[in-house]
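Engineer: Once you've had a glance at the structure underneath, I'll fire off some questions.
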Amino acid sequence: MNDGKYATLEVIAPTVEEAVAQGLAELGLSREDIEVEVLDRGRRGLLGVGTRQVRVRIIIKSTGGSQPQETPKPAETAYIIQDQVKQRPLETEPDISLKGAGEEITLHVAQETAMELLEKMGVVADVTVSYQLSEEAGNQHTLKIDITGKDLSILIGRRAETLQALQYITSLIVCKKLGRSVHLHLDVEGYRERRKQQLLQIAHRMAEQAIITGRRQILEPMPADERRLIHLELRDHPTVYTESIGEEPRRKVTIVPKA
């Protein structure tokens, strides 16, 4: 393998060839630009039972030389975020002075961590932190990080993949610094609130469709937090109920008319 690699992408598919083709399409690269590492060759089950798909790691080769780097595509950024943190790691060892720290220290650590991550990504933005009561988190107080600025769509990415990755990494670092678990919610330019309102509208529209047709309505694949929003919104609906079907990352909500 080449030491000049700078980013990786893991892909799951029925065959190695399909996984490589899917990865190349997502990254917008040609076969010569990557190396492939097979992590799991999968398994064929009897009559489809026990089947496990292939999992490969696609490694993007360094271009070398002094050519300027292109701005990463949104779909790539979730993976490049993780790679950049590995190349220039943040200080994540818990500080002895933070043990038993109160709300003020927690807010400071969260803001500092998010700002340092953005700096390492070359993104100029403002970061504000606060505590909010979250119904999605079971009416618990959630540490809210808001990132605002100009042209921050690169931090959201396709289907919010980059935003999810940034939230996950920020949460890992903050929890390690504090030496305790913290429920953290990260948003960019109010995207999550806009998406929430969109999902609630979809939930009610598809519930009406289920009632009119008498048939279950299957929504598009969504991450767990978005599925939870729809389940919560329709949990007390008098004529429909919701279920989640399928496997990650293509798990979906289905809205079913009550008998």
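We did not get these values from a lab; they are worked out from the coordinates using the rules stated. This one's a predicted model, so the numbers in the text were calculated from it and none came from an experiment. Cβ coordinates were reconstructed from backbone atoms using ideal geometry, including for glycine residues, and neighbour counts include every protein chain displayed.
Engineer: So what's region 177-259 giving for Cα Rg divided by 2.2 N^0.38 Å, two decimals?
Structural biologist: 1.26
Engineer: I'd like the projected area of region 121-259, averaged over all directions, using the convex hull of its alpha carbons. Report it in nm² with one decimal.
Structural biologist: 9.7
Engineer: Something else about it: For region 96-189, what mean projected area does the convex hull of the alpha carbons give, in nm²? Walk me through the numbers before you get to the answer.
Structural biologist: Details: hull surface 24.6 nm².
Answer in nm², one decimal: 6.1.
Engineer: Can you list residues from other chains, or at least 5 along the same chain, whose modelled amide H is less than 5 Å from the amide H of ILE34?
Structural biologist: LYS61
Engineer: Right, something else. Taking R0 as 41 Å, what's the FRET efficiency between LEU29 and ASP236 from their Cβ-Cβ distance, rounded to 0.05?
Structural biologist: That gives a FRET efficiency of 0.30.
Engineer: Give me the number: length gained by fully extending THR254 to LEU172, i.e. 0.36 nm times residue separation minus the C-alpha to C-alpha distance, one decimal in nm.
Structural biologist: 26.4 nm
Engineer: Now a separate question. How far apart, in nm, are the 7 Å Cα→Cβ label points at MET115 and ARG215?
Structural biologist: 5.5
Engineer: Between ARG158 and ILE105, what is the FRET efficiency for a Förster distance of 51 Å, r being their Cβ-Cβ separation, to the nearest 0.05?
Structural biologist: About 0.90, to the nearest 0.05.
Engineer: Can you give the FRET efficiency for VAL182 and GLN53, using 1/(1 + (r/R0)^6), R0 = 51 Å, r = Cβ-Cβ distance, to the nearest 0.05?
Structural biologist: According to the calculation, E is roughly 0.90.
Engineer: Amide H to amide H, which residues 5 or more places from THR142 or on other chains are under 5 Å from it, using H placed in the peptide plane?
Structural biologist: Under 5 Å from the amide H of THR142 lie the amide H atoms of GLN132, LEU133, SER134, each far enough along the sequence or on another chain.
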